Amino acid sequence: MTKPLRVAVTGAAGQIGYATLFRLASGEIFGAQQPVILHLIELPQAQGALDGIHMELDDCAFPTLAGVEKFSSDNLELAFKDVDWVLCIGSIPRGKGMERSDLIRINGPIFTNTGKAINAAASRDVKVLVVGNPCNTNCLIAMSHAPDIPRANWFAMTRLDQNRAASQLAIKAQRPVAAVQNVAIWGNHSATQYPDFMNAKIDGQPASQVITDHDWLKSTFISTVQQRGAAVIAARGASSAASAANAALDTVKSLVNPTPAGTCISAAVLSDGSYGVEEGIISGFPLSSDGKNWKIIQGFQVDEFSRSKIDATINELKAERDTVKDLLP
Ligand code: LMR
């Protein structure tokens, strides 16, 4: 009998959480042979909603769901006890007219407690994916308060940007999205991020050969991906939920399975100085996984245009880090 994986989800009753839990429970993410125990974490006032979600999870009769445990965010150490994965979704979302970094002083402190509780209670091999914004810097805050958890186990989500970029390239090229591969997102999950079309491939060919409108690639494509979160908020009156949940699950799935040759996973990890990105910040890079360990893929082409875009987003991350200096031990 395979030992169940314990997967904690903060903000479990929120829109992203709700769109995440059933797929985590279904066997889709960790495999049909891998039982999962879900730790649902919510604010004290949302515990009733967790009861309803628990009923619905029971009602799905997922063979892979080995248990559901509900916790208040008042006691994160209890909630994170022995967990193997933490999806940090719970946070205040941005509204119309805000940048994600406007949330930094609101959400940042939440991640101090999250990091401390993970350090105190989670499995020593726990993997943590931060979704709540500004996710790169929130991840840095949490990681800094969890000195006993390996640095390689911390991720912030740029997969939503990767998926958005792949879709935009596919639409422009009039090809199915499955034909688009190797899309890296550099830097911050923000309006400065650099969605990298230079190394992207469409049907195995460089995207910039398939899409000959290079002005579009260098301007409209980049700004569409950078501004997509804001566009969703403007249209929906609320920030992306289903696509964010999907991207979080894609991230986990991609990390626990080998990355196919010639493709990359996009996630933000602690920089080791690769590609001239300052060490010690959480930056989007092209990654590959063997199903257990990941590495930053080396050898991506970075020309002068890409360099200036990467530098701009890294400078923003450095500024965000300075803004939360008091939250970093
Ligand atoms: C997104 O990219 O849709 C999310 O990070 C939410 C937001 O504030 O943009």
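Every number in this text was worked out from the coordinates using simple rules, so none of it is lab data. Source: prediction; values computed, not measured. So basically every Cβ, Gly included, is an ideal-geometry build from the backbone, and we count neighbours across all protein chains shown.
For the range 273-289, backbone phi angles converted through the Karplus equation (6.51, -1.76, 1.60; θ = phi - 60°) give residue-by-residue couplings of x, 4, 6, x, 7, 3, 4, x, 10, 8, 10, x, 9, x, 10, 9, 10 Hz, Gly and Pro being listed as x.
Remark: the chain carries a charge dipole of roughly 280 debye about the Cα centre, counting +1 on each Lys and Arg Cβ and -1 on each Asp and Glu Cβ.
Amide hydrogen proximity for Ile37: with H placed 1.01 Å from N in the peptide plane, the residues at 5 or more positions away or on another chain lying under 5 Å are Leu5, Arg6, Val7, Ala66.
Peptides 60-72, 10-22 ranked from most to least packed by the mean count of surrounding Cβ atoms within 10 Å: 10-22, 60-72. Every helix of 4 or more DSSP H residues in the chain counts as -39500 (n - 2.57), and over all residues that averages to -11500 deg cm²/dmol at 222 nm. For a modelled paramagnetic label at Asp203, 7 Å from Cα along Cα-to-Cβ, the residues of the range 147-173 in reach, with backbone nitrogen under 14 Å, are 170-173.
Ranked by the mean number of other Cβ atoms within 10 Å per residue, highest first, peptides 129-142, 187-200 order as 129-142, 187-200.
Residues Trp294, Trp186, Trp85, ranked from the fewest to the most other C-beta atoms within 10 Å, line up as Trp294, Trp85, Trp186.
Axis angle, to the nearest 10 degrees, between helix 15-25 and the longest C-alpha principal axis of the chain: 70 degrees. Considering only Ser271, Ser208, Ser306, and ranking their Cα positions along the charge dipole of the range 159-323 that arises from unit charges at the beta-carbon of Lys, Arg, Asp and Glu, the one farthest toward the positive end is Ser208. In this calculation the C-beta distance from Asn113 to Ala242 is compared with R0 = 22 Å, giving a FRET efficiency of 0.20. Distance from the alpha carbon centroid of the range 262-329 to that of the range 106-181 works out to 12 angstrom.
Taking the Cα centre of the range 206-274 as origin, sum charge times position over the Cβ atoms of Lys and Arg (+1) and Asp and Glu (-1), and report the length of that vector in debye to the nearest 20.
Rounded to the nearest 20 debye, it is 200 debye.
When a/c is below 1.5 the answer is rounded, else prolate if a/b is larger than b/c, else oblate, so apply that to the range 159-323 with a ≥ b ≥ c taken from the square roots of the Cα gyration tensor eigenvalues. Rounded shape, in that the Cα axes give a/c under 1.5.
Counted over all Cα-Cα pairs of the chain, pairs farther apart than 32 Å make up 25 percent. For the chain, the longest principal axis of the alpha carbon atoms and the long axis of helix 304-323 meet at an angle near 30°. If a spin label sat at a point 7 angstrom from the Cα of Gln45 along the line to its beta carbon, the backbone N atoms of the range 60-77 nearer than 15 Å would be those of 73-74. The C-alpha atoms of the chain define a longest principal axis, and helix 135-144 lies at about 50 degrees to it. Here the range 191-329 is assigned +1 on the Cβ of each Lys and Arg and -1 on the Cβ of each Asp and Glu. Its dipole about the Cα centre then comes out at about 380 debye.
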